[in-house]
1. Taking neighbour counts of Cβ atoms within 10 Å as a proxy for exposure, in what order, fewest first, do 36, 30 appear?
2. For the chain, modelled as a Gaussian network with Cα springs under 10 Å, which listed residue fluctuates most, 13, 40, 63?
3. How big is the chain on each of its three principal axes, counting only the C-alpha atoms and giving the largest first in Å?
4. Based on other C-beta atoms within 10 Å, arrange 15, 6 from fewest to most.
5. Just to verify a number: FRET efficiency for residue 40 and residue 10, C-beta to C-beta distance, R0 = 41 Å, to 0.05?
6. What 222 nm value per residue comes from the helices of the chain, counting each DSSP H run with n ≥ 4 as -39,500 (n - 2.57) and dividing by all residues, nearest 500 deg cm²/dmol?
């Protein structure tokens with residue numbers, strides 16, 4: 001699980017039927033420096049499946065790969081990154 005910052009949203013014209021009712025966000029993974037507010041601590045953005053309603057600038061705890069689909073077991077969803085939590089604050 002990684003901490004990411006929401007920097008935008010994705011608009012789809014069509015999606016897989018199992019993905020209805022949620023939104024897609026563009027998020028940038030934050031390294032240690034990124035959590036301290038430095039631009040050098042940000043890496044390349046990814047697209048995240050979001051059922052929690054994260055907004056611009058919110059910090060999210062994101063699970064990736066096989067762990068991203070685990071909350072939906074036994075149903076399957078074609079996702080690679082899932083917003084598991086919206087974080088109020090992070091103490092370093």
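Read-outs throughout are calculated quantities, based only on the coordinates presented, and are distinct from any laboratory measurement. A quick note: this is a predicted structure, and the numbers were derived from the prediction, not measured. FYI the Cβ positions are ideal-geometry reconstructions off the backbone, even for glycines, and counts take in every protein chain you see.
1. Fewest-to-most Cβ neighbours within 10 Å comes out as 36, 30.
2. 13
3. Over the chain, Cα extents along the principal axes are 39, 27, 22 Å.
4. Starting with the residue having the fewest Cβ neighbours, the order is 15, 6.
5. 0.95
6. -1000 deg cm²/dmol
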